[in-house]
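Enquirer: Let me give you the structure first, and then I'll get to my questions.
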Amino acid sequence: MTATDVIQALQLAPHPEGGWYREIYRSTDRVQRGSESRSATTAIYYLLEQGQLSRWHVVDADEIWHFYSGAPLELLAYDPESRQLNRHLLHAGTAEARPVGVIPSGVWQAARSLGEYSLVGCTVSPGFEFSGFKFTADLPDHRAHFVGELSQYAALL
């Protein structure tokens, strides 16, 4: 299947951070987080075509990425507190890759396909809300982090 075939078959729509997505599950169970009540878990299909990217962003909940098909996906995780960068290669058929990547709450993340397209799923707990999503480029002093090893990924802002 081509990327267009997958986008049409799964009825994906453009995602604000780049790529294509569709929410496939939102738990009716609710959890309390501070003063906010949220779904316990949400899940989406997410597809990046060659040349598309998931721009650097941060989510206020834990996110688990699951590889489904296509080319390997490069998933970047940067902890602004420790200044630690981790590169995950998501795929099911290579020795250096793993089919699952975990991004803890508050860790900056970005991704890109290393081929024609990568199809993954993202599970967020507590459930994803756009109110808990921020582009890293909108955070004060974010540029101070994009030096040294992280500078090679500044184009993903």
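Enquirer: If a residue must be part of a strand (DSSP E or B) and touching a helix residue (DSSP H, G or I) at 6+ places or on another chain (Cβ under 8 Å), how many such residues does segment 56-78 contain?
Expert: The first filter runs over segment 56-78 and keeps only residues part of a strand (DSSP E or B), leaving 56-59, 62-70, 73-78.
Imposing the further condition that a residue be touching a helix residue (DSSP H, G or I) at 6+ places or on another chain (Cβ under 8 Å) reduces the set to 56-59, 69-70, 76, 78.
The number of residues fulfilling the criteria is 8.
Enquirer: I'd like to verify a number: residues in segment 1-18 that are outside any helix (DSSP H, G or I) and under 13 Å from residue 68 (Cβ atoms), how many?
Expert: 3
Enquirer: Now, a different point. So which of 121, 106 ends up being in contact with a strand residue (DSSP E or B) (Cβ under 7 Å, 6 or more places away or on another chain), surrounded by fewer than 19 Cβ atoms within 10 Å (Cβ to Cβ), within 23 Å of residue 147 (Cα to Cα) and modelled with pLDDT of 95 or more?
Expert: Being in contact with a strand residue (DSSP E or B) (Cβ under 7 Å, 6 or more places away or on another chain), surrounded by fewer than 19 Cβ atoms within 10 Å (Cβ to Cβ), within 23 Å of residue 147 (Cα to Cα) and modelled with pLDDT of 95 or more holds for just one of 121, 106, which is 106.
Enquirer: List every residue pair whose Cβ atoms sit under 7 Å apart, with the two residues 6 or more apart in sequence or on different chains, where the first one lies in segment 48-69 and is modelled with pLDDT of 95 or more and surrounded by 17 or more Cβ atoms within 10 Å (Cβ to Cβ) and the second, anywhere, is of a type in the set (Asp, Glu) and not in a strand (DSSP E or B).
Expert: Going by the 7 Å Cβ cut-off, the qualifying pairs are 54/17; 55/17; 57/17.
Enquirer: Sort out which residues of segment 2-21 are over 22 Å from residue 134 (Cβ atoms) and either aromatic (Phe, Trp, Tyr) or without any contact (Cβ under 8 Å) to a residue 24 or more places away in the chain (or both), and write them in order of number.
Expert: Step one: filter segment 2-21 for residues over 22 Å from residue 134 (Cβ atoms), giving 2-12.
Listed by number, the residues that qualify are 4, 5, 8, 9, 11.
Enquirer: Mind listing just one residue for me: the one in segment 19-47 that is in a loop (DSSP other than H, G, I, E, B) and either among the acidic types (Asp, Glu) or modelled with pLDDT of 95 or more (or both) and, of those, surrounded by the most Cβ atoms within 10 Å (Cβ to Cβ)?
Expert: Going residue by residue through segment 19-47, those that are in a loop (DSSP other than H, G, I, E, B) are 19, 27-29, 34-35, 40-41.
Retained after the next criterion (residues that are either among the acidic types (Asp, Glu) or modelled with pLDDT of 95 or more (or both)): 19, 27-29, 40-41.
Details: 19: 24, 27: 15, 28: 6, 29: 10, 40: 13, 41: 18.
Top of the filtered list is 19.
The values are calculated or read from the model by the stated rules, or taken from the named source; none is laboratory data. Everything quoted here is computed from the prediction, not taken from an experiment. Ideal geometry is used to build each Cβ from the backbone, glycine not excepted, and the neighbour counts take in all protein chains shown.
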